[in-house]
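One structure is given below, encoded as structure tokens.
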Number of protein chains: 2
Amino acid sequence: MSVRYLTAKLAQQIDEELMNAAGAFSLDQLMELAGLACAQTLAKVYHKEKYSRVLVCCGPGNQGGDGLVAARHLGMFGYKPVIYMPKPGSKDIYKRLQVQCTNMEIPTLEPSMSLDSLRDALSSSDIILDAIFGFSFKGPVRAPFDSAFPLLTSSKLPIVSVDIPSGWDVEKGNAAGIGLEPDVLISLTAPKEGVKEFRGRHFLGGRFVPKIMEKKFQLNLPEYPGFNQITELPPLDSSQKL
Amino acid sequence: MSVRYLTAKLAQQIDEELMNAAGAFSLDQLMELAGLACAQTLAKVYHKEKYSRVLVCCGPGNQGGDGLVAARHLGMFGYKPVIYMPKPGSKDIYKRLQVQCTNMEIPTLEPSMSLDSLRDALSSSDIILDAIFGFSFKGPVRAPFDSAFPLLTSSKLPIVSVDIPSGWDVEKGNAAGIGLEPDVLISLTAPKEGVKEFRGRHFLGGRFVPKIMEKKFQLNLPEYPGFNQITELPPLDSSQKL
């Protein structure tokens, strides 16, 4: 049995059930484990000796929160992250996560910065962590991300995307061609339908799905090795590739 | 510079600063990372092929919360934990953590169980995770733990203790001789003065101390390897041993 790829609706439902009275998780818990998995994936593929300067790009929603957690852990691992969060989310948790980053001496770029400043930031980065849009993204890509995306792409820096590459449709992938094209993807909880054809290295994190929920939704999650928080999914067979 | 061993007062102060407005961490976050580190330490030393049946002993305070988080992660790792929590804490977070364990099909022993039942539980366990008392413990050991301790000890099962072995004084260690004698210790945040002479394998977890706080309190924390959440402290020199 291979892993189940989630529709947008199912991803939403699982997210809700994890945090309702039956699932009993707090957002803080899930975000901590998700962000840790993101940081560990980046660190597993891109070593800090060569890729220390990480531009952590955060959107205004929970995906951005995962990015802030990842930035902090990357700081712990010895990377030099810088946060690009032009539309800071309003939830209290994002503010707390940002304070935690500040306490790790991780700078945040001025939200109202110009595109030139973003270009400068990219030219002093080795890699991008894309935590801009997640599985609740509905296009189109709005300002300032509509102008930022082409800069991120043209930087030619490697991109690690969180859960669903930013700009992709959760089910149709990058059919519209407006999304980022990451080298590495870290799916959270379970992969989404839209990344079924993703050709880069693909990891899974969010090792918190309770057994009863895994059974209920027939997720067929892969084994995680030992006590790791991430596991790499097998590459697509060439026969499956387009 | 070697790692700083904390007094009870300093441990308390650091704990408070992590969670006040300046530190900005929630208890959920810290407990998640602490509990994960505890589970990973046990899994690193005691492989599930031989030590799958873990009796996770939880006290009524935050230490017990760490134990519940550890139990859940151990379940994720493929162990078969059972929770012994005869004095369930009243905080909402403990209730949520326990629901999360139930959803992982981890049983909790009846809190009012007899000592005979505890003896039975021990005889069907391979190892003990001791998350009973933490750094705010002030003796004496009260019921039902006063009767439970001798059973845990006489079981001869290996014991992994969280932060400070239960019954030990945070600064004076097991001078009074009433505490458990673990084989493995996982200190959290930074080790406490009372475990300076601990002779078993000693790990450190809680990789969340922000740089500004590490400097302020001159903790001289050891390096963690790569993106690991635990690090093993070097064994005591024979010259340092009693």
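The values are calculated or read from the model by the stated rules, or taken from the named source; none is laboratory data. As the structure is a computational prediction, the values presented were derived from the model and not from experiment. All Cβ positions, glycine included, derive from the backbone under ideal geometry; neighbour counts span all protein chains shown. The area values use the complete protein model at the heavy-atom level, side chains included, leaving out ligands, DNA and RNA. Shrake-Rupley method; radii C 1.70, N 1.55, O 1.52, S 1.80 Å.
Remark: spin-label model distance B:Ser117-A:Ala176 equals 5.8 nm, labels positioned 7 Å along the Cα→Cβ axis.
For the range A:79-155, the average shadow cast by the Cα convex hull is 5.7 nm², which is a quarter of the hull's surface. Averaging Cα coordinates gives a centre for the range B:146-188 and one for the range A:93-131; these two points are 45 Å apart. On the beta carbon distance between B:Asn20 and B:Glu223, with R0 = 22 Å, the FRET formula returns roughly 0.20. Of the accessible area of the protein assembly as shown, computed with a 1.4 Å probe over protein heavy atoms only, carbon and sulfur atoms account for 52 percent.
The angle separating the long axis of helix B:27-45 from the principal Cα axis of greatest extent in chain B is about 70 degrees.
Please pull out the direction-averaged projected area of the range A:51-119, using the convex hull of its alpha-carbon atoms, in nm² to one decimal place.
4.3
Kirkwood's formula applied to the C-alpha pairs of the range A:119-193 gives a hydrodynamic radius of 12.6 angstrom.
Each principal axis of the Cα cloud of the range A:8-218 was evaluated for its coordinate range; sorted largest first, these ranges are 48, 39, 33 Å. Each peptide among A:14-27, B:140-153 gets the average number of other Cβ atoms lying within 10 Å of its residues, and from highest to lowest they stand as A:14-27, B:140-153.
Distance between the pseudo-spin-label points of B:Thr7 and A:Glu197 (7 Å out from Cα toward the beta carbon): 6.6 nm. Restricting the calculation to Cα atoms, the range B:1-40 shows an Rg/Rh of 1.04 when the hydrodynamic-style radius is the Kirkwood one. With all protein chains kept in place, the per residue accessible area of the range B:8-218 amounts to 38 square angstrom at a probe of 1.4 angstrom. Panel values: the range B:99-236, Kirkwood radius from alpha carbon pairs, Stokes-Einstein at 20 °C and 1.002 mPa s, translational diffusion coefficient 129 µm²/s. Helix A:8-19 axis versus longest C-alpha principal axis of chain A: approximately 90°, rounded to the nearest ten.
Over the whole of B:225-231, what's the average partner chain Cβ count within 10 Å per residue? Rounded to a whole number, please.
5
Of all DSSP bridge pairs formed entirely within the range A:8-218, close to 5 percent run antiparallel.
The mean count of C-beta atoms from other chains within 10 Å of the C-beta of residues in B:209-215, rounded to a whole number, is 4. In terms of overall dimensions, the C-alpha atoms belonging to the range A:168-242 reach 37, 23, 23 Å along their principal axes, ordered largest to smallest.
A Förster distance of 22 Å, applied to the separation of the beta-carbon atoms of A:Ser124 and B:Lys216, puts the FRET efficiency at 0.15. In the protein assembly as shown, the alpha-carbon atoms span a convex hull of 149 Å³ per residue. Mean sequence separation of contacting Cα pairs (under 8 Å, at least six apart), scaled by the length of the range B:8-218, corresponds to a relative contact order of 19 percent. For chain A, the longest principal axis of the alpha carbon atoms and the long axis of helix A:92-103 meet at an angle near 60°.
Computed over the alpha-carbon atoms, the range A:111-152 gives an Rg to Rh ratio of 0.98, Rh here being the Kirkwood radius from the mean inverse distance.
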